[in-house]
Every structure is written in structure tokens, then in C-alpha cells.
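A short reminder: the numbers here are calculations on the coordinates, not readings from a lab. All values derive from a computational prediction rather than experimental measurement. With ideal geometry, Cβ positions are generated from the backbone for all residues, glycine too; neighbour counts draw on all protein chains shown.
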Amino acid sequence: MHTKHQDSKNPLSRIPSTSKILESERAKVLIEKQGQGSISELVRSILQTLRADIGTTESTDISLDTILTTLEAKAKRLDDTLRPVINATGVILHTNLGRAPLSQETQTAMTNVTNGYSNLEYDVTSGSRGSRFGHLQSIIQRLTGAEDSIVLNNNAGAILTTLAAICKDGEVVVSRGQLVEIGGGFRVPDVMNQSGAQLKEVGTTNRTRATDYENGITDKTKALMRVHPSNFLISGFTEETPLREIVKVGHEHNLPVIDDIGSGALLDLRAYGLEPEPLLSDCINDGADLVLASGDKLIGGPQAGLIIGKSSLINVIRTHPLTRALRPDKATIAGIAATLQHYAKGEAVEKIPIWQMISLDESVLQERAQLFTQAWGTTAQVIAGESTVGGGSLPGQTLPTRLCAISLPQKTLELVSKELRASELPIISKIQDGVLQLDPRTVLVDQDMQVVNTLKKVSRSVK
């Protein structure tokens, strides 16, 4: 009797058993979704932590309900970690949030081609082997005027493969001001060096002239190269050599000119009050022998690296071993093709999400920001703000927008931001100038009511 009395006072004896937890209805729901083994392991881990905590404090909550709540939270993390979110940051090409959202037609094309088999590398007319790269050649040629093209899985891969195929064991002349580091610690020179080509820096950080390229050429030079500086901007006393002048120098020395334009626009941004990004067609017209661009930036498609230009050079790249290592899959090819079709049909602004966002009228933004503001309540108001294109495009430039701005103490704002991210469809906002901001420009229109309902729910929880 004495031992039994002591056990009843032992807090460890009050912890529910593993079997009791697993037999509860709430645990059975999780087991059905995640499997017996995964949930059992989580329960054992939770109980082990509880036992350790009880050893340091007797106030630890060891009720079955609390344990199950903890179990549900941990089980949620076992779900697929990559999932949709709502981008309310105002950054259109948000690299951390997956850059360009895809058009409905692009999504359908990618789904259709992955539902079963496809003619990825098969010529249905001749019944013989085909090339996966051939599916995009015609439409890229029509849109850009390039002789030939190839598409790899991203633009960094396009740079690496191009330099490895064209410039290995030789020098490539590049302006010193273009060798920058961009997001995530990615340094352009590091990728270029991996190709086996040696970088020959010319000019200065802020000024590079055609004569600098000329003077940088040696008997080891295999190409001249222009690199888009991404989100790096130099202002003031600057000078950049126009592509046509670089081409003139290169061709006088029988050297190819490679133009890495980064974002790869197919539409002129000046129509929307922004400075222009290099157009693929303009670069070809200016004489570049090879032009490299991203598929998931201003083109607005899935991640890819486009290489367009002279057939003689594309053929060399096409047969390089890295091309096979970095080739895109059938879904990417179908997605790029469907996205490019929007440009070919003259419907890119109406159909491609990033162009819908760039071209949004301020009156529409006002209405949508007001909708969000009303959903939150009295501590929110509509204010003027600035959206950015992002993704290394148009550094320093902004688009006027309207924001739903929530004013609360800083700690409460951080809690609201966390609650928005914890919602079923996470909403990513930003805290700036002492307010939490939601920019409707980057929220897909069919997500507006999701934002409204979440704001109503979170506002009730913090009041």
C-alpha cells in the first residue's frame, strides 16, 4: 500500500501510455494519413520530452488533450514541406516564393504531358528518335529571330554549359562591374570559373568602354561576354559599353559575343512606366552570337535557362556532356512552350500572371486593398506604397500600389505575421515602417477571399 501511494504521487505515472494515445480517435486520424510507424515514433519522442521536462519542473502539462495537440502539430510537419502560399509582399518575382506563378494554360500543358507518355524524344511522323530540344525551336525563332536554340534547367546551368562548351581552357573577357554576387550567396564568377574558362576582367567597377574589351583580348581569348548585373545597381559616374560596340570588337577579332541578359524580357516594360530590360530579340538584332535568359523571370514560365543564337555555336553546346546533365524534363518543356504561345498569340499581358500584376490599374489595387482593410477592422487603413518586380530584374525601380496597412504594437504585429503564415494557406506579408503591409498586386485575384477570411479570423484572435 505504501508503494502504491508513492507511485500515485509520481508525476511520471500520470503520463498517458503510448497505446492509450495511439488508440484515441484523434491519433487514428493521423495514423490513417501518415502511417502507424511515423505517428508511433512521434508519440515516443513527445513522451520522452515530457519525461525529461517533468524532471525539471512539475508544472509540465501532461494531459492527453495537450499531448494530442502537440502530436497533431508535429504530424502536420510530416506533410509535404513544399506547398502553395499567398504572396502579399509586393515583390512580383519573389525568388524565395518560387518566382513566376504560371498561367492556367501553362499549368494545364504541364499536367497533360505528365499524365502519361509523350513524344518527348520521338518523332511520330517518321517513327524514329527525336530531340526534346526541337519542341521549342520554332516558337523561339519566331519570337526572337534567333537561328537556333536550346533550353536547359536554369540560367546558371545555361551559363556554365555555354562557357564549358565554347570557352574551356581559354579566356572570356568580362567587365569588372558585372561580376557580382546575387541572392543566396550566388556569385557569378564562381559559376563561370566552374566551366573551365578563365575570366579576364576589364574596365573598372563603374566604367567599362569598348577599348577595355579590345585591350583585354589575347591569343587565349575565346569569347567576349556581357553579364546582367541582376539586383546590383551602380549610379552616378558610370559608363557601360552598348552591346553593339562589344559585338563590333568581338567580330573584328573573330570572337563570339555571349550576352547573359538574366531576366529575358519579351515585352517592353516602358509601357508600364518602368525602364526597359534587354529584349531577347533586340540582343539578337544587335549581333550577339549567343543570348542567355531565365524562363521563370520576365518570361513568366517555369524555371529554365534559354540559350539562343547562332546554329554553329548552339550545335557545339547541344553535344556537350553538361547539356545532358542539365537538360529539362518534359513538364518544363511543355510549360515553356505554353508560356511562349501567349506571346505568339499577343495575349501575354492578359494571360501570364506576372504581366497581369505589372499592368494592374491603381484603381483596382485600391479596391482590393480596401477589401483587405475592411476584413481586418479599425486598426487597418489603405495607404500608398511601392511594388517591385524582383528576381534580379529592374533594380531600384518600383510600381505605385495600394497597401492594406495594419497598425499595432511591434510584438503584436510579429504575432499577426506569424498567424498569417500559420494559416491553412500561408499568407506572406511584410512589416515595414512600423506597420504590417499586404500588397494586393502580388495576390492572385482568386485568392482575395482567402485573404479576407484569414484576416477576419486572425483579427479576432489578437483582439
Rounded D (µm²/s) - region 368-463, Kirkwood Rh over Cα pairs, Stokes-Einstein at 4 °C, 1.567 mPa s: 95 µm²/s
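Per residue, how big is the convex hull around the C-alpha atoms of region 102-351? Give it to me in cubic angstrom, could you?
132 Å³
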Exposed-loop-free span, longest in the chain, where chymotrypsin sites (Phe, Trp or Tyr not before Pro) count as exposed if DSSP calls them loop and at most 13 other C-beta atoms lie within 10 Å: 238-463
Cross-link reach list, lysines versus Lys222, counting only Cα pairs under 26 Å and skipping chain neighbours closer than eight places: Lys168, Lys200, Lys248, Lys310
Helix 243-252 axis, angle to the chain major axis (alpha carbon atoms, nearest 10°): 50 degrees
Fraction of beta bridges assigned by DSSP in the chain that are antiparallel (%, nearest 5): 55 percent
Nearest-0.05 FRET efficiency for Asp79 and Gln48, computed from C-beta distance (R0 35 Å): 0.95
Reachable aspartates and glutamates from Lys20, criterion Cα separation under 14 angstrom, eight or more residues apart if same chain: Asp65
Whole-Hz couplings from phi, Karplus 6.51/-1.76/1.60, listed for region 443-456; x for Gly and Pro: 8, 4, 4, 6, 9, 4, 5, 5, 5, 4, 5, 5, 4, 4
Ranked packing of 395-402, 87-94, most packed first, by mean Cβ within 10 Å: 87-94, 395-402
DSSP beta bridges in region 102-351 [antiparallel fraction, %, rounded to 5]: 40 percent
Helix axis angle, 134-144 relative to the chain longest principal axis, alpha carbon, degrees: 70 degrees
Virtual spin-label span in nm between Ser138 and Ala325, 7 Å along Cα→Cβ: 3.3 nm
Helix 330-344 axis, angle to the chain major axis (alpha carbon atoms, nearest 10°): 60 degrees
Spin-label model distance (nm) - Gln198 vs Glu414, 7 Å beyond Cα toward Cβ: 5.2 nm
Other-chain or far-sequence residues with amide H under 5 Å of Ser387's (modelled H): Leu399, Thr401
Ordering of 41-49, 99-107 by burial proxy (mean other Cβ atoms within 10 Å per residue, highest first): 99-107, 41-49
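Beyond 41 Å, what share of the Cα-Cα pairs of the chain remains, rounded to the nearest whole percent?
Numbers: 38245 of 106953 pairs.
So the portion of pairs separated by more than 41 Å is 36 percent.
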